[in-house]
Amino acid sequence: MSLTPANEAFIATLKAHLPDKAVRPVAERYLEEPRGKWHGQAGVLVAPDTVEGVAAAVRCAAEARVAVVPYGGGTGLVGAQVMSNGPLPMLLSLERLNSIRAVYPEENVIVAEAGATLQTVQDAALAADRLFALSIASKGTAQIGGNLATNAGGLNVLRYGNARDLCLGLEAVLPNGNIWHGLTRLRKDNTGYDLRNLLVGSEGTLGVITAAALKLSPRPARSGTAVFVVPDPAAALSLLSMLRAQVGESVSAFELVHRQGLEFLTEKLPHVRQMFDTPPEWMVLIELGLPRGLDPQAEFESLFAEAAEAGLVTDGLIAQNEAQAAAFWEVRETIPEANRLVGGLSSHDISLPLSVLAEFIETAGKALAKHGEYRVNCFGHLGDGNLHYNVYPAFGKTRADYGSEALEVADLVHDLAVKLGGSFSAEHGVGRLKAHELERYADPTRLAALRAIKSALDPLGIMNPGAVLPL
């Protein structure tokens with residue numbers, strides 16, 4: 001069905017149903033996205049501070065057949081928060097719906113509104129002596145509703161899971177403007193189709209998440225951070241296996257870092273203090289969260305001794321205090337910013353079965369070397385198989401020197417990942433950037449089911465059109 005623009009008549013309707021503070025002109029920042037691939041458009045910005053206000057806005061949009069583009073913290077990397085063509089949509093910001101409604105320490109549950117930043121949720125958990133484990137670099141800006149809408153991953157997936165795994169219940173507004181009161185705090189609720197898991201990861205195409213009941217965890221009694229230099233990714237995977245045999249599920253993070261990323265830091269962010277004077281070819285950043293009675297320092301020393309004897313590590317550093325640990329993590333968490341400053345040719349957020357991950361890195365590197373002259377920064381969450389495999393122009397060149405090669409590089413990387421049983425989208429989502437990849441790689445039966453679900457819940461097609469499923 002055809003959509004209509006958010007024109008003056010529609011804005012007048014919104015103002016008749018919402019408080020004055022909720023209906024606003026569209027500031028430029030709402031039309032931008034971090035990588036600068038698109039510039040959005042919108043006829044009006046709506047920022048309600050209640051779920052009833054969100055419902056009223058969506059109901060108005062449904063009646064007028066105006067597209068709705070939900071907007072969280074604006075940190076998404078696949079363009080789900082910007083709509084650059086078609087009739088002017090209504091931007092629906094959750095920024096004023098930002099309260100922590102309740103914390104239940106004895107249940108290990110927190111109830112947060114969608115506009116609360118991830119940092120706010122983490123701080124509220126910490127105040128109750130609990131841990132909210134989801135952690136991404138943009139936690140000070142990214143909102144929990146957006147984290148859930150994209151099923152965000154981040155640094156601690158290895159131990160705690162994706163955003164989906166940390167969600168017990170949701171409150172959401174469906175495309176017809178009805179409110180779903182699903183804020184259950186139950187671990188077991190086997191009562192039919194799981195609407196919660198349908199909305200998590202749907203990127204605003206099936207409804208608008210307005211609040212969530214989220215899982216908390218006890219804070220580890222002791223934590224530790226270390227960096228080990230490894231010969232190659234295969235050795236890193238063997239090291240992870242050795243570590244898990246030693247400490248079980250106490251491995252909170254296991255990050256793979258390549259020399260190219262460290263060189264980008266030296267080039268673009270020289271103030272970031274690195275661990276080694278000469279960047280190693282490969283290293284892993286490890287975080288442990290241990291129960292009482294176990295000493296992180298002793299565990300790392302034991303691991304290093306065993307791994308060195310097996311030829312899996314050649315050097316290492318163990319953080320002696322929280323400041324050193326934070327400095328280690330600063331290196332890892334500023335690599336994406338250095339990447340942005342260098343300027344990528346083709347960036348890839350892929351996942352692979354662990355058993356083929358080293359094969360992928362070797363095969364992709366050889367294929368790219370045959371294809372052209374590039375720099376590759378391969379880094380990511382090794383423990384859960386999520387690689388950020390990013391390709392950059394050779395030194396002294398820019399993206400403009402490569403013409404259409406960026407698309408060829410993306411196809412090469414994604415084709416190989418899918419061939420080896422992986423996915424072209426691991427934690428950033430599909431958005432508008434990868435909608436056609438979904439159409440290309442998805443099993444036809446699954447794709448048909450996705451379209452049927454979209455049609456059933458959003459028959460007017462107003463919810464974030466063009467995201468996930470191409471128009």
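The values are calculated or read from the model by the stated rules, or taken from the named source; none is laboratory data. Bear in mind that the values here come from a model prediction, so they are computed numbers and not experimental data. Backbone-built Cβ (ideal geometry, glycine too); neighbour counts: all protein chains shown. Only protein heavy atoms, including side chains, enter the accessible area calculation; ligands, DNA and RNA are left aside. Shrake-Rupley method; radii C 1.70, N 1.55, O 1.52, S 1.80 Å.
Looking at the range 344-380 only, could you name the residues that are within 21 Å of GLU263 (Cβ to Cβ) and under 20 Å from the mean Cα position of the chain (by Cα)? Once the filter is applied, which keeps residues that are within 21 Å of GLU263 (Cβ to Cβ) and under 20 Å from the mean Cα position of the chain (by Cα), the range 344-380 yields GLY344, SER346, SER347, HIS348, ASN377, CYS378, PHE379, GLY380. When the test is whether a residue is more than 30 Å from GLY385 (Cα to Cα) and either crowded, with 24+ Cβ neighbours inside 10 Å or among the basic types (Lys, Arg) (or both), LEU88 does not pass it.
Considering the range 293-332, and only residues there that are in a loop (DSSP other than H, G, I, E, B) and closer than 15 Å to SER252 by Cβ, the residue that is modelled with the lowest pLDDT turns out to be LEU294. For the range 253-261, the criterion of being part of a helix (DSSP H, G or I), modelled with pLDDT of 95 or more, of a type in the set (S, T, N, Q) and crowded, with 18+ Cβ neighbours inside 10 Å is met by at least one residue.
The lone criterion from (1) in a strand (DSSP E or B); (2) open to solvent by 40 Å² or more (accessible area, probe 1.4 Å) left unmet by ILE350 is number (2). Filtering the range 90-129 to residues that are part of a helix (DSSP H, G or I) and of a type in the set (A, V, I, L, M) leaves LEU118, VAL121, ALA124, ALA125, LEU126, ALA127. Residue check: LYS215 meets all listed conditions (1) in contact (Cβ under 8 Å) with a residue 60 or more places away in the chain; (2) within 30 Å of VAL58 (Cα to Cα); (3) open to solvent by less than 60 Å² (accessible area, probe 1.4 Å) but one, namely (3). Restricting attention to the range 373-400, the residues that are open to solvent by less than 20 Å² (accessible area, probe 1.4 Å), assigned to a strand (DSSP E or B) and more than 15 Å from ILE350 (Cα to Cα) total 2.
Taken as a whole, the structure places LYS419 among residues that are basic (Lys, Arg) and under 27 Å from LEU240 (Cβ atoms). Residues in the range 64-71: is at least one free of Cβ contacts under 8 Å to residues at least 60 places away in the same chain and within 23 Å of the chain's Cα centre (by Cα)? Taking every residue of the range 64-71 in turn, at least one turns out to be free of Cβ contacts under 8 Å to residues at least 60 places away in the same chain and within 23 Å of the chain's Cα centre (by Cα). Residues in the range 190-205 include none that are closer than 30 Å to ALA127 by Cα, within 24 Å of the chain's Cα centre (by Cα), modelled with pLDDT of 95 or more and part of a strand (DSSP E or B). Taking the range 163-194 as the region of interest, how many residues are crowded, with 17+ Cβ neighbours inside 10 Å and out of contact with any helix residue (DSSP H, G or I) (no Cβ under 7 Å at 6 or more places or on another chain)? Residues that pass the stated criteria total 2. Here VAL229 fulfils each of the conditions (1) assigned to a strand (DSSP E or B); (2) crowded, with 23+ Cβ neighbours inside 10 Å apart from (2).
Between LEU447, LEU407, LEU438, which is under 28 Å from SER135 (Cβ atoms), hydrophobic (A, V, I, L, M, F, W, C) and part of a helix (DSSP H, G or I)?
LEU438
When VAL78 is tested against (1) free of Cβ contacts under 8 Å to residues at least 60 places away in the same chain; (2) among the aliphatic types (A, V, I, L, M); (3) outside any strand (DSSP E or B), just one condition goes unmet, and that condition is (1). State yes or no: is SER241 open to solvent by 50 Å² or more (accessible area, probe 1.4 Å), assigned to a strand (DSSP E or B) and closer than 30 Å to ASP165 by Cβ? So SER241 does not fit the description; no. From the residues in the range 418-439 that are without any contact (Cβ under 8 Å) to a residue 40 or more places away in the chain and surrounded by fewer than 16 Cβ atoms within 10 Å (Cβ to Cβ), which one is farthest from ARG375 (Cα to Cα)? Per the stated criteria, the residue is GLU439. Among the candidates VAL54, VAL58, the residue that is open to solvent by less than 60 Å² (accessible area, probe 1.4 Å), assigned to a helix (DSSP H, G or I) and closer than 30 Å to ALA128 by Cα is uniquely VAL54. For the range 457-471, residues that are more than 14 Å from SER202 (Cα to Cα) and open to solvent by 50 Å² or more (accessible area, probe 1.4 Å) total 2. Contact map, the range 17-28: residues that are under 13 Å from ALA42 (Cα atoms) paired with residues that are in a helix (DSSP H, G or I) and basic (Lys, Arg), Cβ distance under 9 Å, separation 6+ or inter-chain. Pairs shown: VAL23/LYS15. The residues of the range 127-150 that are over 28 Å from ALA221 (Cβ atoms) and buried (at least 21 other Cβ atoms within 10 Å of the Cβ), listed by number, are SER138, ALA142, GLN143, GLY145, GLY146, LEU148, ALA149, THR150. Pairing each residue of the range 135-146 that is under 15 Å from GLU333 (Cα atoms) and free of Cβ contacts under 8 Å to residues at least 40 places away in the same chain with any residue that is hydroxyl-bearing (Ser, Thr, Tyr) and open to solvent by less than 20 Å² (accessible area, probe 1.4 Å), provided the two are 6+ apart or on different chains, yields no C-beta distance under 6 Å. Of all the criteria given as (1) touching a Lys or Arg at 6+ places or on another chain (Cβ under 6 Å); (2) surrounded by 18 or more Cβ atoms within 10 Å (Cβ to Cβ), the one not satisfied by GLU281 is (2).
When only residues in the range 401-417 that are surrounded by fewer than 17 Cβ atoms within 10 Å (Cβ to Cβ) and at pLDDT 90 or above count, which is farthest from PHE264 (Cα to Cα)? Residue satisfying both the conditions and the ranking: ASP415.
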